[in-house]
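One structure is given below, encoded as structure tokens.
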């Protein structure tokens, strides 16, 4: 693979595919769908190659590509991946293939535009996970905003225009604040290089400016996560988005914010992050408990799962907040450094597992909605005997989401709690309440409400899952089980990178 610009190929292949889609005649919908699915397989194959060729023991940026782009502004085309981004690149490619394959069976209106925007969206997401230059990072960050706006606004539900505009305005407002912070850092340090910026620690001699830049970037990432109280755009966007849009929104777009905390805020502003870590930890705790409780109150299946994402992303932020709070103390306390490493490993693991689990849940919601044209949990009952394959897949996915041991969700949550309890014990103990409530609403409302009890005769002739639907869910179920029983492959990818990152930061803060 030496000399192969593999990250550029992963990122720009979807763009080339989108341009080809525009050239295919509108009436040839079958060719548009087939080509889009096939071209999305290229980034997936390349991401698998990156995974297996990544040297986890080196714990450094690998597959780095660097070219001068705008020399007068010191802007470079610089890409690279490490243990933070390799799992996210693979997750993005996997969910994109599944989403496009599923959409090729259900999208009937404005097919050409749908697949064009979806491939463009994949390029934006890949670019965020691979960029090492702030200018490039911001360009890809904004590129991902536009396609999702159209996916919601054109192919969404009854309130799609409202949801799309709300999503766009929330995300754009955060992006503007991030842009101002990036420009301030550039004028202070003269570079857009993210890694170099972390080494220079901008505004280290002026905490007021550092705090302003921190909160500006924090707002952009917190909206994307979404962290309470920046979450209110999420339920509307999820409920109104088409099925594939919800899969990508939950599976990948939320992770852009979490990734930003790890790639940008924690390395560049460790002092400010340590000072404000208690605030971030409290917001994470509120997200965990609030998201679970509000999910419990929902009878719309899609809205229930949407609020569960607020809950699950709270675990990610709890792990990150714990590491930030440990700060310079990690340099003198090896046990604290180990706990912080476990917490962040759990946070990244949660990012990945939430993508495959909640992405699967949104697929399953779309499948039942295509058959019944309702998401009202009160309308169902006794479906277990009528749709046994759907029941088995939904049961497995719900159990993974509520954190059943043996499935991937448990490993991620356990690691977050194990790492965070040694650093911020009080917040972590209260955070466990979210697990209890999550188990309650999945078992009571989804499993019992939909599949057990007397059958609603209205659904007596309901068909079970079709072959293409089983094919969409099969890889997701595979990874739920694989990483639930044997998480070593993904933990090996991230562990050394996380340990070195936190150790370096502790020395910087201590110094």
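The values are calculated or read from the model by the stated rules, or taken from the named source; none is laboratory data. Computed from a predicted model, the values in this text were never measured in an experiment. Methodologically, a virtual Cβ is constructed for each residue, glycine included, from the backbone with ideal geometry; neighbour enumeration extends over all protein chains shown.
What are the residue pairs meeting all of these: first residue in segment 144-155, first residue under 20 Å from residue 126 (Cβ atoms), second residue surrounded by fewer than 20 Cβ atoms within 10 Å (Cβ to Cβ), Cβ atoms under 6 Å, and 6 or more apart or on different chains?
The qualifying pairs are 149/168.
Might you check whether a residue that is buried (at least 24 other Cβ atoms within 10 Å of the Cβ), modelled with pLDDT of 90 or more and under 19 Å from the mean Cα position of the chain (by Cα) occurs anywhere in segment 420-430?
Within segment 420-430 (the criterion being buried (at least 24 other Cβ atoms within 10 Å of the Cβ), modelled with pLDDT of 90 or more and under 19 Å from the mean Cα position of the chain (by Cα)), the answer is no, since none of the residues qualifies.
Going by what's in this entry, would residue 199 be described as over 24 Å from the mean Cα position of the chain (by Cα) and farther than 22 Å from residue 123 by Cβ?
Values: over 24 Å from the mean Cα position of the chain (by Cα): yes; farther than 22 Å from residue 123 by Cβ: yes.
In short, yes.
Of the residues that sit in segment 462-491 and are farther than 22 Å from residue 251 by Cβ and touching a residue at least 24 places away in the same chain (Cβ under 8 Å), which one is surrounded by the most Cβ atoms within 10 Å (Cβ to Cβ)?
Result: 462.
Take residue 89 and tell me if it is under 20 Å from residue 120 (Cα atoms) and in contact with a strand residue (DSSP E or B) (Cβ under 7 Å, 6 or more places away or on another chain).
Spelling it out, residue 89 is indeed under 20 Å from residue 120 (Cα atoms) and in contact with a strand residue (DSSP E or B) (Cβ under 7 Å, 6 or more places away or on another chain).
Output yes when any residue across segment 374-385 is part of a helix (DSSP H, G or I) and within 30 Å of residue 486 (Cα to Cα), and no when none is.
Yes: segment 374-385 contains one or more residues that are part of a helix (DSSP H, G or I) and within 30 Å of residue 486 (Cα to Cα).
Look at residue 164 and say whether it is more than 20 Å from residue 138 (Cβ to Cβ) and in a helix (DSSP H, G or I).
So residue 164 passes the test.
Quick check: anything in segment 496-510 crowded, with 20+ Cβ neighbours inside 10 Å, over 26 Å from the mean Cα position of the chain (by Cα) and closer than 19 Å to residue 374 by Cα?
No.
For segment 196-229, enumerate the residues that are farther than 16 Å from residue 270 by Cβ and crowded, with 22+ Cβ neighbours inside 10 Å.
220, 222, 223, 224, 225, 226, 227, 228
Can you name the residue in segment 71-98 that is more than 21 Å from residue 263 (Cα to Cα) and in contact (Cβ under 8 Å) with a residue 60 or more places away in the chain and, of all such residues, is surrounded by the fewest Cβ atoms within 10 Å (Cβ to Cβ)?
For segment 71-98, the residue satisfying everything is 73.
Among 411, 416, 435, which is surrounded by 17 or more Cβ atoms within 10 Å (Cβ to Cβ), within 23 Å of the chain's Cα centre (by Cα), at pLDDT 90 or above and within 19 Å of residue 395 (Cα to Cα)?
Only one candidate passes the filter, namely 411.
In segment 359-378, what residues are under 24 Å from the mean Cα position of the chain (by Cα) and on the phi > 0 side of the Ramachandran plot?
Selection gives nothing.
List pairs: first in segment 164-185 and buried (at least 18 other Cβ atoms within 10 Å of the Cβ), second not in a helix (DSSP H, G or I), Cβ under 7 Å, 6+ apart or cross-chain?
Qualifying pairs under 7 Å: 164/156; 185/202.
Taking segment 44-57 as the search range and keeping residues that are assigned to a loop (DSSP other than H, G, I, E, B) and surrounded by 13 or more Cβ atoms within 10 Å (Cβ to Cβ), which one is modelled with the highest pLDDT?
That would be 54.
Give all pairs with beta carbons closer than 6 Å in which a residue from segment 209-223 that is more than 21 Å from residue 310 (Cβ to Cβ) meets a residue that is assigned to a helix (DSSP H, G or I) and modelled with pLDDT under 90; count only pairs at least 6 apart in sequence or on separate chains.
Cβ pairs passing all conditions: 210/272; 211/272; 214/272.
State whether the residues of segment 297-312 include one that is in a helix (DSSP H, G or I) and surrounded by fewer than 21 Cβ atoms within 10 Å (Cβ to Cβ).
The answer is yes, given that some residue of segment 297-312 is in a helix (DSSP H, G or I) and surrounded by fewer than 21 Cβ atoms within 10 Å (Cβ to Cβ).
Which residue out of 257, 245, 251 is without any contact (Cβ under 8 Å) to a residue 60 or more places away in the chain and in contact with a helix residue (DSSP H, G or I) (Cβ under 6 Å, 6 or more places away or on another chain)? Break it down stepwise before answering.
On the way: 245 fails: without any contact (Cβ under 8 Å) to a residue 60 or more places away in the chain; 251 fails: without any contact (Cβ under 8 Å) to a residue 60 or more places away in the chain.
Going through 257, 245, 251 in turn, the sole match is 257.
Of (1) surrounded by 24 or more Cβ atoms within 10 Å (Cβ to Cβ); (2) more than 26 Å from residue 488 (Cβ to Cβ); (3) within 12 Å of the chain's Cα centre (by Cα), residue 356 satisfies all except one. Which?
Result: residue 356 fails condition (2) only.
When residues of segment 58-108 are filtered for being out of contact with any helix residue (DSSP H, G or I) (no Cβ under 9 Å at 6 or more places or on another chain) and in a helix (DSSP H, G or I), how many remain?
Result for segment 58-108: 2.
I'm checking my understanding of the structure. Among residues of segment 1-34 that are without any contact (Cβ under 8 Å) to a residue 24 or more places away in the chain and in a helix (DSSP H, G or I), which one is surrounded by the fewest Cβ atoms within 10 Å (Cβ to Cβ)? Talk me through it step by step, then tell me what you get.
Narrowing segment 1-34 to residues without any contact (Cβ under 8 Å) to a residue 24 or more places away in the chain: 2-4, 16, 19-20, 23, 25, 27-28, 30-31.
Applying the additional criterion that residues be in a helix (DSSP H, G or I) yields 16, 19-20, 23, 30-31.
On the way: 16: 14, 19: 12, 20: 15, 23: 6, 30: 10, 31: 12.
Checking each candidate, the answer is 23.
For the structure I just gave you, tell me whether residue 397 is modelled with pLDDT of 90 or more, in a helix (DSSP H, G or I) and either surrounded by 24 or more Cβ atoms within 10 Å (Cβ to Cβ) or touching a strand residue (DSSP E or B) at 6+ places or on another chain (Cβ under 8 Å) (or both). Quick ask: steps written out before the conclusion?
Values: modelled with pLDDT of 90 or more: yes; in a helix (DSSP H, G or I): yes; either surrounded by 24 or more Cβ atoms within 10 Å (Cβ to Cβ) or touching a strand residue (DSSP E or B) at 6+ places or on another chain (Cβ under 8 Å) (or both): yes.
So residue 397 passes the test.
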